[in-house]
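In what follows, a structure is listed as structure tokens, so that the remarks can point back to it.
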Amino acid sequence: MIRSLQQRLYAKQVGYANQCDYRKSMKQFVTPVLVVFFFLSVLMSGGLYGQQQTVHARNGMNATPRNYTSFVIPAQHITAEAKQNNPGYEQYAELGMLFAETPCDNCYELIGKRTEISKTFIKEGTNGRDIMQQTGSKAMHYKDADGNWKTIKTRLEPGNKTGTFTAAEQETPVLISPRERMASLGKGDLLLQFNNNVELVYEKPDGTQQLIGAADYSHYTAGDDGLYITNAWPGIDIEMYVARGAVKTNYIINNALPAYADGKLLVRDHIKWNKGWSVYVPGDNGHKYTGKLEIRDEKGKTKYHISAATAYEQKESRSTLQYLEYV
């Protein structure tokens, strides 16, 4: 069973790596800012963080810069009309809630009209004539213990423990804990810990390895979209971007690292998972692989996907994109 992978970057000017006690490799890069990313997602079928803010909906699913500094509390628009048209839901916690993706102003949702993939809104003061429906290709709601549809929330928020941040109200909960220096997906028998006490290692030309040190998680900011760690190692930042049942990790090299130009830099992660699980590597290639990996249970069923690891120069992402090797 593979408990950890090592990534290696082949570098003459700058070396670098990504996740899971794995190895990756990459060639010389001239541009100072280098990005290496690793995306871990579920198979579907002390630090600083910003103040909480209450804001109105964005009125649609518009792309915005990633927020790593504050947590937005959805506005709640509860009126007599909203209560009257939501019989039985007058005290419901999500009554009048205007989430970031709400498609309208001065409106309210008909909670009883929810389906797994849709929400229905009424424009206030139109006597029910102005109706809007929001639908998705994936589930927008999940059923709670009482059988009510609850909104799936993929945005990060402060957790119950100091120094933890969670997106728990979804099928596969996400947790990032800079205090414990790790992140996780799932819970119970599906719990998977990663970005766990990651270490930077220098592999010399003769193959011997020198531990540079564990990542320093103390200089971070957190917000709706994830966590940003500055100088996890000197000159190297870590960005953890949360998505639905997934975390994308970017390692950002801000300047050349000439001390390691002759060898390779490895980022070693110490992944923890359920007993009997293993990493599936297609083909027989000595446990080295470039591409997407799967984490499978003892019966061979895929539980999680690990995306292909890549690296590129920030200013020339298309022309410099390279796939890196897992070991």
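The values are calculated or read from the model by the stated rules, or taken from the named source; none is laboratory data. Since this is a predicted model, take the numbers as computed values, not measurements. Note that each Cβ is placed from the backbone with ideal geometry, even for glycine, and that neighbours are counted across all protein chains shown. The accessibility values were calculated without ligands, DNA or RNA, using every heavy atom of the protein model including side chains. Shrake-Rupley method; radii C 1.70, N 1.55, O 1.52, S 1.80 Å.
Determine the sum of side-chain charges near ASN86: Lys and Arg each +1, Asp and Glu each -1, restricted to other residues whose C-beta is under 14 angstrom from that of ASN86.
Here the count lands on -1.
Once the piece of chain linking ASP206 and MET132 is laid out straight, how much longer is it, given 0.36 nm per residue of separation minus the C-alpha distance between them? Write out the running numbers ahead of the final one.
Numbers: separation 74, 0.36 × 74 = 26.64 nm, distance 6.53 nm.
Extra length available between ASP206 and MET132 comes to 20.1 nm.
Using only the Cα atoms of region 129-276, what do you get for the radius of gyration and for Dmax, in Å?
Over region 129-276's Cα set, Rg and Dmax evaluate to 19.1, 75 Å.
Where the centroid of each part is defined by its Cα atoms, how far is region 61-92 from region 307-327 in Å?
39
Using all alpha carbons of region 198-310, what is the percent of pairwise distances in each 10 Å bin, ordered from the shortest bin to the longest?
Whole-percent P(r) values from 0 Å outward: 12, 33, 37, 17, 1.
Residue-wise, which Karplus ³J(HN,Hα) couplings in Hz belong to region 223-240, taking 6.51 cos²θ - 1.76 cosθ + 1.60, θ = phi - 60°, and x for glycine or proline?
With the stated coefficients, region 223-240 comes to x, 3, 9, x, 10, 10, 10, 8, 6, 4, 10, x, x, 10, 9, 10, 10, 10 Hz.
Quick one: order VAL72, VAL279 from most to least accessible surface, probe 1.4 Å.
Accessible-area ranking of VAL72, VAL279, largest first: VAL72, VAL279.
Report the label-to-label distance for HIS305 and GLN91 in nanometres (one decimal), using points 7 Å from each Cα along the Cα→Cβ vector.
Taking the simple label geometry, HIS305 and GLN91 are separated by 4.4 nm.
Given an 8 Å cut-off on Cα distances and at least 6 residues of separation, report the relative contact order of region 222-285 as a percent.
Value for region 222-285: 18 percent.
Net charge within 13 Å of ILE238 by Cβ-Cβ distance, Lys/Arg positive one each and Asp/Glu negative one each, not counting ILE238 itself?
-3
Regarding region 221-267, what is the average projected area of its C-alpha convex hull, in nm²?
3.9
GLU325 accessible area, nearest 10 Å², 1.4 Å probe?
Roughly 40 Å² of GLU325 is accessible to a 1.4 Å probe.
Let a ≥ b ≥ c be the square roots of the eigenvalues of the Cα gyration tensor of region 171-217; is it rounded (a/c under 1.5), or, if not, prolate (a/b larger than b/c) or oblate? Before the final figure, lay out each step's value.
Numbers: a/c = 4.96, a/b = 2.40, b/c = 2.07.
Prolate, since a/c reaches 1.5 and a/b exceeds b/c.
Enter the Cα centre distance for the pair region 244-289 and region 146-188, rounded to the nearest angstrom.
The distance from the Cα centre of region 244-289 to that of region 146-188 comes to 24 Å.
Tally Lys and Arg at +1 and Asp and Glu at -1 over the other residues with C-beta under 14 Å from the C-beta of LEU95: what net charge comes out?
0
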